[in-house]
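To keep things clear, I will list the structure first and then write my remarks on it.
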Amino acid sequence: MDESGQHKGAVRRRIRVRGIVQGVGFRPTVYRLAVERNLGGWVLNDAEGVLIELEGPPPAVDDFLAHLTARPPPLAEITAVETDTVAPEDETAFAIAASAGGEPAALVSPDMAVCDDCLRELMDPADRRFRYPFINCTNCGPRYSIILDIPYDRPSTTMQHFTMCPKCRAEYDDPAHRRFHAQPNACPVCGPHLALHDAEGRPVACADPVAAVREALLSGRIVAVKGLTGFHLACDARSDEAVRSLRRRKGRDRKAFAMMAASAEAVARRAHVSDAGRALLESIQRPIVLLPKRAEDDLSPQVAPKSPYVGFMLPYAPVHYLLFENDFPPMVMTSGNLSEEPICRDGDEAVRRLAGIADLYLLHNRPIHTVCDDSVTVVQRGRPLMLRRGRGYAPRPLRLPLAAPEPILAVGPELKNGVCLVRGREAFVSQHIGDLKNALAAQYFEATIEKLERLLDITPTAIAHDLHPAYLSTRYARRRASADGIGLVGVHHHHAHVAAVMAECGLDGEILGLSMDGTGYGADGTVWGGEVLRASATEFARLGHLAYVPLPGGDAAVRHPVRTAWALLLRACGAEEAERHRVGYLASDAANDRAVWTEMIARGVNAPRACGLGRLFDGVSVLAGVCAENTYDGRAAMELEAAAADAPDDATPYAFAIVDPSGEPDPVSGKHGHAGVAKPPVRVEGWVLDTVPLIRGVVADVEAGAGAGAVSARFHATVARMLVAAAQRAREETGLGRIALSGGCFANNRLVRTLAPALESEGFEVYGHRDVPPSDGGVALGQAYVAAAQLQTESI
């Protein structure tokens, strides 16, 4: 600067920053960086994001930009930075200017783990927030779970009834402070507090509720803990008695429980933690991470029976750090609900719905407006894979490969439901909602749609939905479209799976797709789920599929896969021979039941034809003697994968065949109608991946005394080899070399780590999921992309 305080050789630049840059401490960060470099100018929020004007020496301005883009605030996500040179104004002071044009509601941040700065204060006896369980700042804490309406300011959050004390107010108003405009800002003087209640919901007098809960957990009791985005049910993960009691009370027979541990080091003593796994554990999103079990640990085997994985997360709310300080042992921290219901939101609801489960309730008086389950992730081929999208990720938008010409709502499937709203190229995928057959989940589904539309200021003019006419989500779409006079776009279930991968990976044009799951409504009215597709964002063609097998009893065969196993055996051997080769759990099955199932199949009564790969996993799990009951979704398949945990990946495959249909025309594409009725492909049969040789091989191995692990390893190797052969056949027919893997079967690590490298070695470009689940939890994104592409085509 010269003697007048003006910059010599100064330049002035206007900088437009786009992305998630509002409500995340972006302006205070800009302010601090500018002041540290003696730059003049201003920063403000407007309808497009953040606008900055900077004036000063060119090296200082360049250094500012380098630091801002390399190290933005933890909750920010910069999608674009545009810089223009403007005329200098001899401005030497820097200021945060008033917002222009209002803040876009689209930029609501997810709820995030407590930051390092707040954590240091939490544990500092000299700090005024020492051990305060609601400490937060602009870089961390509650966001999506507490916002009631837009704009995002304190009166529009659940903190509206907590008036800041003078000290908190001074921080809130200070642009140089990291709590500048932190809406949940509070302290022990003016903010929320913890309280302990007994099993009947009555207050329990105690000086330190956290210490009382720690003592209760170590004594084997079950505690409902109200956290950042909902309730957990906690118990000692080392205690067989405590975990069995929680299973019995919660009605959760075998499905693995998630756990929380004090640190990544504590997790590593109980699971194999790779560098990628540790990065996920310690990320600001703090998801549950599925990790390979160690052979020896101090955990109860009841936590994750017959699973090769254990699910761990680290503390993310301040109260968790207090509960787990001083290397407190790992605790089960499972969703605070009965199975298949949404998690509890407030104390009164928890006492009512968790009656008979929790012995104690650790409550607080900061209301939660939107509940979010913990996100669940796994490391697959060295990269993170989302298995359940929730806290820490929703409602952060994903970017579509194209811009939707009008606002779209995609309502997802019936199981593992999630919804998606689209504006332009932004796709806002909701948190996990659940099974819409459950009445509470159905209410949560509609409430989530209403809230997202309001917060994001999106009024859809088109609704994308699954073509299954009985799905609650489909019925909602049709009812709302009729009431609001808006368009419908029906999307085939398995096309949506492939399109979701295309949306995530930024793919346009045509691609091959392996869409492999349990069940989905097919274009011909049968049950699909083992599909080899040629697809673009607007249309698809069915090239081939797994062989059909009848499911005696329909949904009953999904719950009781002995029925599916019998149908597979009948198809492979015929009735007389099947009776002589009953292996695994079929060996002890009642003859009367088999006679009924055989009759149902023969007459075609309540025995729908299905070709889902998930059903093949179920049947082989029964034949191998691994699992006979799907007490939760995917159990038989998961336990079959677990059975092969110690077997090598290069097992010898069983035989299979690819069968051509006779006299069938070539496949043609099936476009979707904007009126909500799909136009099915002229040909829906395609060539068939015949599993008769595979089933015969499994039976022969079991009869020869092969163990379940060996059978499972050979089965997985066969599925991988079969899908590679299918991909090669599809490439020969189409000339396409890009291939997408989608559907719940690709949550199977053993299958993917065998299949994907084999495809790559054959010259395929392999694409999979990252930010949405491969299961039905990712379908809404695919529906949204298909709808956007079709509407764009129609508008041209």
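Quickly run through segment 694-708 and pick out the residues that are surrounded by fewer than 18 Cβ atoms within 10 Å (Cβ to Cβ) and assigned to a helix (DSSP H, G or I).
Within segment 694-708, ARG696, ALA700, GLU703 qualify.
Just give me the residues in segment 282-319 being β-branched (Val, Ile, Thr) and either outside any strand (DSSP E or B) or without any contact (Cβ under 8 Å) to a residue 60 or more places away in the chain (or both), in sequence order.
Of everything in segment 282-319, those that are β-branched (Val, Ile, Thr) and either outside any strand (DSSP E or B) or without any contact (Cβ under 8 Å) to a residue 60 or more places away in the chain (or both) turn out to be ILE284, VAL303, VAL310, VAL319.
Please enumerate the residues belonging to segment 33-87 that are in contact (Cβ under 8 Å) with a residue 60 or more places away in the chain, buried (at least 16 other Cβ atoms within 10 Å of the Cβ) and among the small types (Gly, Ala, Ser).
Selection gives ALA34 alone.
Looking only at strands (runs of 3 or more DSSP E) that lie completely in segment 327-407, which have at least 1 residues being among the β-branched types (Val, Ile, Thr), open to solvent by 10 Å² or more (accessible area, probe 1.4 Å) and closer than 28 Å to LYS293 by Cβ?
Here the list reads 376-380.
Say we look at segment 558-579 and pick out the residues that are in a helix (DSSP H, G or I) and in contact (Cβ under 8 Å) with a residue 60 or more places away in the chain; which of these is farthest from ASP633 (Cα to Cα)?
Once the filter is applied, the top-ranked residue is CYS573.
Surrounded by fewer than 16 Cβ atoms within 10 Å (Cβ to Cβ) and either in contact with a Leu (Cβ under 9 Å, 6 or more places away or on another chain) or β-branched (Val, Ile, Thr) (or both): is that true of THR459 in this structure?
yes
Inspect all residues belonging to segment 730-739 and state whether any of them is assigned to a helix (DSSP H, G or I), at pLDDT 95 or above and either open to solvent by less than 60 Å² (accessible area, probe 1.4 Å) or of a type in the set (A, V, I, L, M) (or both).
For segment 730-739, residues assigned to a helix (DSSP H, G or I), at pLDDT 95 or above and either open to solvent by less than 60 Å² (accessible area, probe 1.4 Å) or of a type in the set (A, V, I, L, M) (or both): present.
I'd like the residue in segment 516-540 that is modelled with pLDDT under 95 and under 24 Å from LEU736 (Cα atoms) and, out of all such residues, is least open to solvent (accessible area, probe 1.4 Å).
Applying the filter and picking the extreme gives GLY522.
Which condition does ARG582 not pass, out of (1) among the basic types (Lys, Arg); (2) closer than 16 Å to THR691 by Cβ; (3) in a loop (DSSP other than H, G, I, E, B), if it passes all the others?
Only one criterion is unmet by ARG582, namely (2).
Of the residues LEU217, LEU233, LEU280, only one is open to solvent by less than 30 Å² (accessible area, probe 1.4 Å) and within 21 Å of PRO384 (Cβ to Cβ); which?
Selected residue: LEU280, the only one of LEU217, LEU233, LEU280 that is open to solvent by less than 30 Å² (accessible area, probe 1.4 Å) and within 21 Å of PRO384 (Cβ to Cβ).
Quick one: would you say ALA590 is of a type outside the set (Ser, Thr, Tyr) and under 29 Å from VAL491 (Cα atoms)?
no
For segment 135-151, enumerate the residues that are of a type outside the set (D, E, K, R) and open to solvent by 50 Å² or more (accessible area, probe 1.4 Å).
The answer is ILE150, PRO151.
Given the options ALA170, ALA186, name the one that is over 30 Å from the mean Cα position of the chain (by Cα), open to solvent by less than 40 Å² (accessible area, probe 1.4 Å), closer than 24 Å to ARG32 by Cβ and small (Gly, Ala, Ser).
The match here is ALA186.
Determine which member of the set ALA266, ALA199 is modelled with pLDDT of 95 or more, within 27 Å of GLU349 (Cβ to Cβ) and among the small types (Gly, Ala, Ser).
ALA199
Which one is most open to solvent (accessible area, probe 1.4 Å) among residues in segment 756-796 that are under 20 Å from ARG399 (Cα atoms) and out of contact with any strand residue (DSSP E or B) (no Cβ under 8 Å at 6 or more places or on another chain)?
Selected residue: THR793.
Considering each of ALA637, ALA610, ALA645 in turn, give the residue that is in contact with a Pro (Cβ under 7 Å, 6 or more places away or on another chain) and either among the acidic types (Asp, Glu) or in contact (Cβ under 8 Å) with a residue 24 or more places away in the chain (or both).
Residue meeting the stated conditions: ALA645.
The rows are residues; the columns are (1) closer than 22 Å to LEU354 by Cβ; (2) surrounded by fewer than 23 Cβ atoms within 10 Å (Cβ to Cβ).
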{"residue": "LEU228", "(1), (2)": "yes, no"}
{"residue": "GLY251", "(1), (2)": "yes, yes"}
{"residue": "ALA268", "(1), (2)": "no, yes"}
{"residue": "ILE288", "(1), (2)": "yes, no"}
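Assuming VAL620 fulfils every condition listed in (1) open to solvent by less than 40 Å² (accessible area, probe 1.4 Å); (2) out of contact with any strand residue (DSSP E or B) (no Cβ under 9 Å at 6 or more places or on another chain); (3) of a type in the set (A, V, I, L, M); (4) more than 21 Å from THR754 (Cβ to Cβ) apart from one, which condition is it?
VAL620 satisfies all of (1) open to solvent by less than 40 Å² (accessible area, probe 1.4 Å); (2) out of contact with any strand residue (DSSP E or B) (no Cβ under 9 Å at 6 or more places or on another chain); (3) of a type in the set (A, V, I, L, M); (4) more than 21 Å from THR754 (Cβ to Cβ) except (4).
Do we have LEU488 as in contact (Cβ under 8 Å) with a residue 12 or more places away in the chain and assigned to a strand (DSSP E or B) here?
The answer is yes for LEU488.
Given the condition of a type outside the set (D, E, K, R), modelled with pLDDT under 95 and assigned to a loop (DSSP other than H, G, I, E, B), answer yes or no: does some residue in segment 33-50 qualify?
Yes, the conditions are met somewhere in segment 33-50.
How many of the residues making up segment 410-455 are within 19 Å of LEU398 (Cβ to Cβ), open to solvent by less than 30 Å² (accessible area, probe 1.4 Å) and outside any helix (DSSP H, G or I)?
Counting residues in segment 410-455 that are within 19 Å of LEU398 (Cβ to Cβ), open to solvent by less than 30 Å² (accessible area, probe 1.4 Å) and outside any helix (DSSP H, G or I) gives 17.
When you look at GLY23, is it in contact with a Phe, Trp or Tyr (Cβ under 8 Å, 6 or more places away or on another chain), in a strand (DSSP E or B) and surrounded by 19 or more Cβ atoms within 10 Å (Cβ to Cβ), yes or no?
no
For segment 465-479, state whether one or more residues are under 30 Å from ARG750 (Cα atoms), in contact with a strand residue (DSSP E or B) (Cβ under 7 Å, 6 or more places away or on another chain) and at pLDDT 95 or above.
Checking segment 465-479: at least one residue is under 30 Å from ARG750 (Cα atoms), in contact with a strand residue (DSSP E or B) (Cβ under 7 Å, 6 or more places away or on another chain) and at pLDDT 95 or above.
With more than 30 Å from ILE458 (Cα to Cα), modelled with pLDDT of 95 or more and not hydrophobic (A, V, I, L, M, F, W, C) as the only criterion, which of ASP240, ASP174 stands out?
Answer to the check: ASP240.
Restrict the check to segment 369-389 and report whether at least one residue is over 16 Å from the mean Cα position of the chain (by Cα), of a type in the set (A, V, I, L, M) and modelled with pLDDT of 95 or more.
no
From LEU551, LEU543, grab the single residue that is more than 21 Å from ALA637 (Cα to Cα), surrounded by 18 or more Cβ atoms within 10 Å (Cβ to Cβ) and more than 29 Å from the chain's Cα centre (by Cα).
On inspection, the qualifying residue turns out to be LEU543.
Within the bounds of segment 651-671, is there any residue that is open to solvent by 30 Å² or more (accessible area, probe 1.4 Å), in contact with a helix residue (DSSP H, G or I) (Cβ under 9 Å, 6 or more places away or on another chain), part of a strand (DSSP E or B) and at pLDDT below 95?
Looking through segment 651-671, at least one residue is open to solvent by 30 Å² or more (accessible area, probe 1.4 Å), in contact with a helix residue (DSSP H, G or I) (Cβ under 9 Å, 6 or more places away or on another chain), part of a strand (DSSP E or B) and at pLDDT below 95.
The values are calculated or read from the model by the stated rules, or taken from the named source; none is laboratory data. Source: prediction; values computed, not measured. Cβ atoms come from the backbone with ideal geometry, glycine included; neighbour counts cover every protein chain shown. Calculation scope for accessible area: heavy atoms of the full protein, side chains included, ligands and nucleic acids excluded. Shrake-Rupley method; radii C 1.70, N 1.55, O 1.52, S 1.80 Å.
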